[in-house]
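The values are calculated or read from the model by the stated rules, or taken from the named source; none is laboratory data. All of these numbers come straight from a predicted model, not from anything done at the bench. Quick reminder, even Gly has a Cβ in these numbers, built from the backbone with ideal geometry, and neighbours come from all protein chains shown. The area values use the complete protein model at the heavy-atom level, side chains included, leaving out ligands, DNA and RNA. Shrake-Rupley method; radii C 1.70, N 1.55, O 1.52, S 1.80 Å.
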Amino acid sequence: MSQPPMSLDLAALLCSRICHDVISPVGAINNGLEVLDEDDSGDMRDVAMDLIRKSARQASARLQFARLAFGFAGSAGAAVDLNDAERLARGYVEGDKTSLDWRIPAALVAKDRVKLLLVLIVLALQAVPRGGSLRVWAAGAAENGDLVVAATGSHARIPPGYEALIAGTQIEPLDAHTVVPYYAGLLARSIGISIRIAKDGDTVTFVAGERAA
């Protein structure tokens, strides 16, 4: 098996992933500004400003999501309010042709467990490339029970290599897409739990918990 990527390589790949998520709305903002430069008439100005506002909100939401899911938001070992996690998740999913059904009650949960839950949402979105719905819940208490994200949609599938990447048995080649399942596996193992994936019809379910071996 290939050697695991060094910490700097992993950091660079995660940065690439964040850039991938943000470049589209930032590019749309630039397009809106170009429209204003070329035609500042009433109708076109309204269209351009609507595009700029929507894209700015999306870029901000994706950056706030990434700050917690992939970054070091808050102090080490801190707990995170699940209401905040839900807000970040909704902002990230919005505009992705996918709805979010969040069923976890408000609670303060260890930061790394919340990070893992948000990363599972990223993985679940990849399982429904044509859009659909995500359902998020906890089997038991969110503080120590299984965390579950189910993605339902047309042509739902387990992305190739995801199970091996999560398990850490396949680590190359890593890129901005494949680094996320690899990171999910690292994060899960760091807090003593594991991840399993199952497909049933048009639904792919990701479960993170002690019983997910």
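Within segment 29-166, what percent of beta bridges assigned by DSSP are antiparallel, to the nearest 5?
65
Leaving ligands, DNA and RNA out of it, report the carbon-plus-sulfur percent of the accessible area of segment 65-147 at a 1.4 Å probe.
That fraction is 49 percent.
Considering only protein heavy atoms, what per residue accessible area in square angstrom results for the chain with a 1.4 angstrom probe?
Value for the chain: 51 Å² per residue.
State which stretch of the chain is the longest one without any exposed GluC sites (Glu not before Pro), exposure meaning a DSSP loop state and at most 16 other Cβ atoms within 10 Å.
1-93
At 222 nm, what value in deg cm²/dmol follows for the chain if DSSP H runs of at least 4 each add -39500 (n - 2.57) and the sum is divided by all its residues, to the nearest 500?
Rounded to the nearest 500, the figure is -17000 deg cm²/dmol.
Which value, to two decimals, describes the C-alpha radius of gyration of the chain once divided by 2.2 N^0.38 Å?
Expressed relative to 2.2 N^0.38 Å, the Cα Rg reads 1.08.
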